[in-house]
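Asker: Please find one structure pasted underneath; my questions will follow.
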Amino acid sequence: MKRKVLLIYTGGTIGMEKDYETGSLRAFDFGNIFEKMPEMRLMECEVFVHPFAKPLDSSDMGPEEWRMIARLIFENYKEYDGFLILHGTDTMSYTASALSFMLKGLTKPVILTGSQLPIGDLRTDAKENLLTSLYYASLYENNEAVIQEVAIYFEYKLLRGNRTLKYSAEYFDAYSSPNYPILGQSGVHLNINKDNLLRNTNKESFYIDEHLSEDVLFWRIFPGMKLNHFKEISQMKVLILQVFGSGTIFSSEKTLETLQQIRNNGTEIVVVSQCISGGISFGKYENSNIFSKIGAISGTDITAESAITKAMHLMDNPNYKGTFAENFSKNICGEISN
Ligand code: ASP
């Protein structure tokens, strides 16, 4: 039986080619992808292409586009065995993280990929990324999808989407998943690390939760930072503070006073680390005690991308019982380690 994959093309470098007259990159008509890549016809799965009317640079993607993708998946969920989203690389980790929270009870693969060089470039990484992603998006065993979560495939690695970050604007190997092992790797064989895959243990049926609040702010602290700038942001519902190492911040009285004032205004404070791997550990150093005093929430080993989209999804979401802090601290779909 031929598996059916819906390929949603949103934009980004992958769908571009060089205009040899002007030398600049332009988007090509993605409806013609089979002409550009006849190899796609040799795949064991059937591919149906749904291009965005206007291809977007991924810096223009946000909650509205995430909802559009979630709805497309929802409307086509029964019809297709897997979903492949072609996306610009710059914000792919945000989209993957947001979708992981929005797509509930997923039992089919949702794979995102893109490329560092356009598909029309001689040295492109697009073809391998696209073909192997199609393979993962249509991989079934005993009539069950092998991947039942939102993942990013890039440069031979399959990664949990909400654990990723783009760490290179230069190398083909552009994504990393510092706090969670890879889900699969393609070499001579296409391997899957089954023990690392997510399973929908609640056995809930598939639906989408489109809730995304935009009252979330992310702030990276730095040595010598003036704390009065914080006052201007006291209207935010969630402030994600990216702090030093395993959770430290300047120990001055002024810090406590300013952050306490923000909390008194009803703003939730989530603490994440500036380090790429490892996470927050309140109480490890004296300079983290301030966070326990003001009732801040530890992001533990979450990525910044995932913390932002999780906060957007949870803040004021009527579909979740319990407080924001309780829900944020829970592992919803593999985004934090237990
Ligand atoms: N600026 C592009 C984007 O994110 C970069 C890429 O696709 O690699 O849309």
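Asker: Cα centroid distance between the range 265-297 and the range 114-149, in Å?
Answerer: 38
Asker: Of the residues ILE119, ILE290, ILE33, which exhibits the maximal mean-square fluctuation in a Gaussian network model of the chain defined by a 10 Å Cα contact cut-off?
Answerer: ILE33
Asker: Taking neighbour Cβ counts within 10 Å as the exposure measure, how do LEU56, LEU183 sort from fewest upward?
Answerer: Going from least to most buried by this count: LEU56, LEU183.
Asker: Just rank CYS275, CYS333, fewest to most, by other beta-carbon atoms within 10 angstrom. Spell out each step's value before the answer.
Answerer: On the way: CYS275 15, CYS333 22.
Arranged by neighbour count, lowest to highest, CYS275, CYS333 become CYS275, CYS333.
Asker: Additional query: Students often forget the sequence filter, so: which lysines lie under 16 Å Cα-Cα from LYS78 once same-chain residues fewer than 8 apart are removed?
Answerer: In chain and number order, the partners are LYS2, LYS4, LYS104, LYS108.
Asker: Looking at the range 1-104, which GluC sites (Glu not before Pro) are in a loop (DSSP not H, G, I, E or B) and have at most 13 other Cβ atoms within 10 Å?
Answerer: Sites meeting the loop and neighbour criteria: GLU21, GLU44, GLU79.
Asker: Let me ask something else. Over the C-alpha atoms of the range 204-338, what are the Rg and the largest Cα-to-Cα span, Dmax, in Å?
Answerer: Cα radius of gyration and Dmax of the range 204-338 are 14.7, 50 Å respectively.
Asker: Is the C-alpha gyration tensor of the range 41-125 telling us rounded, prolate or oblate? Criteria: a/c under 1.5 is rounded; beyond that, a/b larger than b/c is prolate, otherwise oblate.
Answerer: oblate
Asker: Please identify the trypsin sites (Lys or Arg not before Pro) of the range 7-104 that satisfy two criteria: DSSP loop assignment and at most 13 other Cβ atoms within 10 Å. Which are they?
Answerer: LYS78
Asker: For the chain, just list the percent of Cα-Cα distances falling in each 20 Å bin from zero outward, please.
Answerer: Percent of Cα pairs in each bin: 31, 53, 16, 0.
Asker: Can you grab the distance from the C-alpha centre of the range 20-41 to the C-alpha centre of the range 308-334, Å, no decimals?
Answerer: Comparing the Cα centres of the range 20-41 and the range 308-334, I get a distance of 41 Å.
Asker: Now a separate question. Rounded to the nearest 5, what is the percent of antiparallel bridges among the DSSP beta bridges in the chain? Intermediate results must be reported in sequence, preceding the final value.
Answerer: Details: 19 of 50 bridges.
Percentage antiparallel, nearest 5: 40.
Asker: Sort 210-221, 107-118, 320-331 by packing, meaning the average of other beta carbons within 10 Å per residue, with the highest value first. Before the final figure, lay out the partial values.
Answerer: Numbers: 210-221: 16.2, 107-118: 24.1, 320-331: 14.4.
Descending mean neighbour count gives 107-118, 210-221, 320-331.
Asker: Within the range 107-186, which trypsin sites (Lys or Arg not before Pro) sit in a loop by DSSP and count at most 10 neighbouring Cβ atoms inside 10 Å?
Answerer: Passing both the DSSP loop test and the Cβ count: ARG123.
Asker: From the backbone phi of the range 162-172, what are the Karplus-calculated ³J(HN,Hα) couplings (6.51 cos²θ - 1.76 cosθ + 1.60, θ = phi - 60°) in whole Hz, Gly and Pro given as x?
Answerer: With the stated coefficients, the range 162-172 comes to 7, 10, 9, 8, 7, 10, 9, 8, 10, 8, 4 Hz.
Asker: LEU117's amide H: which non-local residues (gap 5+, or another chain) put their own amide H closer than 5 Å, with H modeled 1.01 Å from N in plane and none for Pro or chain starts?
Answerer: Sorted by chain and number, the residues that satisfy this are ASP125, ALA126.
Asker: Sort 84-94, 4-14 by the packing proxy (mean of other Cβ within 10 Å over each peptide's residues), most packed first.
Answerer: The peptides rank, most packed first, as 84-94, 4-14.
Asker: Work out from phi, with θ = phi - 60° and the Karplus expression 6.51 cos²θ - 1.76 cosθ + 1.60, the ³J(HN,Hα) of each residue of the range 323-328, listed in order in whole Hz, and give x for Gly and Pro.
Answerer: 7, 4, 4, 4, 5, 5
Asker: Note down the magnitude of the dipole of the chain about its Cα centre, charges +1 on Lys and Arg C-beta and -1 on Asp and Glu C-beta and zero elsewhere, to the nearest 20 debye.
Answerer: 760
Asker: Any chance you could get the radius of gyration and Dmax over the Cα atoms of the range 150-232, in Å?
Answerer: So, for the range 150-232, Rg and Dmax equal 18.5, 56 Å respectively.
Asker: What is the antiparallel percent of DSSP beta bridges lying wholly in the range 182-338, to the nearest 5? Numbers along the way, then the final one.
Answerer: Numbers: 4 of 17 bridges.
Here the share of antiparallel DSSP bridges comes out near 25 percent.
Computed from the coordinates by the stated procedures, all read-outs in this text should not be read as laboratory data. Fair warning: this is a prediction, and the values are worked out from it, not measured in the lab. Reconstructed Cβ throughout: ideal geometry from the backbone, glycine too, with neighbour counts over all protein chains shown.
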